[in-house]
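The structure under discussion appears below in the form of structure tokens.
The values are calculated or read from the model by the stated rules, or taken from the named source; none is laboratory data. What you are looking at is a predicted structure, and each value in this text was computed from that prediction instead of being measured. Positions of Cβ are backbone-derived with ideal geometry, glycine not excepted, and every protein chain shown enters the neighbour counts. SASA here: full protein model, heavy atoms, side chains in, ligands and nucleic acids out. Shrake-Rupley method; radii C 1.70, N 1.55, O 1.52, S 1.80 Å.
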There are 2 protein chains.
Amino acid sequence: MTIANTPAPPYYAVIFTNLRTEVDANYGATAERMEELATQQPGYLGHESVREGLGITVSYWESLEAIRNWKKNTEHLLAQQAGRDQWYSAYKTRICRVERDYEFDESTQVL
Amino acid sequence: MTIANTPAPPYYAVIFTNLRTEVDANYGATAERMEELATQQPGYLGHESVREGLGITVSYWESLEAIRNWKKNTEHLLAQQAGRDQWYSAYKTRICRVERDYEFDESTQVL
């Protein structure tokens, strides 16, 4: 997993912060499938995902419409329901407009 | 680390995604001190921080002005410089306006 290579702002971010239950029930395979499916959606720009007890997944999108369409995707709706029923004890989803960004990469620094 | 208990939107988020070098040089103590210092800033609302190779720290703020003031904090400026010189091989910072959020908590569900 690396830093998502997003275009110049403005664009949109979905911050999905979550705590897992101890129920496995196909979680890994579904998470992988949702990742694959998300990257195929129109307007998908990239994502970053990390877990250390708490999980944070940030996905980046061209527009609010692209986010709405992904949220309504049939296979994704089933996964969301399974998430509430089985995999997550709690989560919070935040829909954001990215106004500005800046970055650093040591490999491109002039020494 | 748990899910930040933020107020109703709109508010602001800073998504700091980063990759570490192998240089330790007081990183842990400085990260802890920055966490302590951030929580004391006016307009600070909460934060979530996770590392699994890639690090994602999201901090939440009342206003863009609160974010600017934290960025300019003298002790924080020194840490930012040390971050570029020693601790991070790459990072990206995204300043966002949180437009909407929703959440799930199984402990508050009616069964």
B:R97 neighbourhood, Cβ < 15 Å, K/R = +1, D/E = -1, net charge 0
Of the accessible area of the stretch B:11-99, computed with a 1.4 Å probe and all protein chains kept, carbon and sulfur make up a percent value of 47 percent
Heavy-atom accessible area per residue of chain A, all protein chains kept, 1.4 Å probe, expressed in Å², is 54 Å²
So, with points 7 Å from each Cα along the Cβ direction, the A:Q86-A:R51 label distance in nm works out to 1.4 nm
Copies of B:R100 compared via label points 7 Å along Cα→Cβ give distances in nm, shortest first, of 2.6
Taking 0.36 nm per residue of separation between A:N5 and A:L37 and subtracting their Cα-Cα distance, the length gained on full extension comes to 9.7 nm
With a 1.4 Å probe and ligands and nucleic acids left out, the total accessible area lost when B pairs with A, in Å² to the nearest 100, equals 4200 Å²
Counting Lys and Arg as +1 and Asp and Glu as -1 over every other residue whose Cβ sits under 13 Å from the Cβ of B:Y12, the net charge comes to +2
Taking the protein assembly as shown, the lysine pairs whose C-alpha atoms sit under 28 Å apart (8 or more places apart or on different chains) add up to 7
Taking alpha-carbon centroids only, the stretch A:11-33 lies from the stretch B:39-106 a number of Å equal to 23 Å
Protection proxy (average C-beta count within 10 Å per residue), highest first, orders A:48-57, B:4-13 as A:48-57, B:4-13
Measuring from its Cα centre, the protein assembly as shown shows a charge dipole (+1 at each Lys and Arg Cβ, -1 at each Asp and Glu Cβ) which, in debye to the nearest 20, is 600 debye
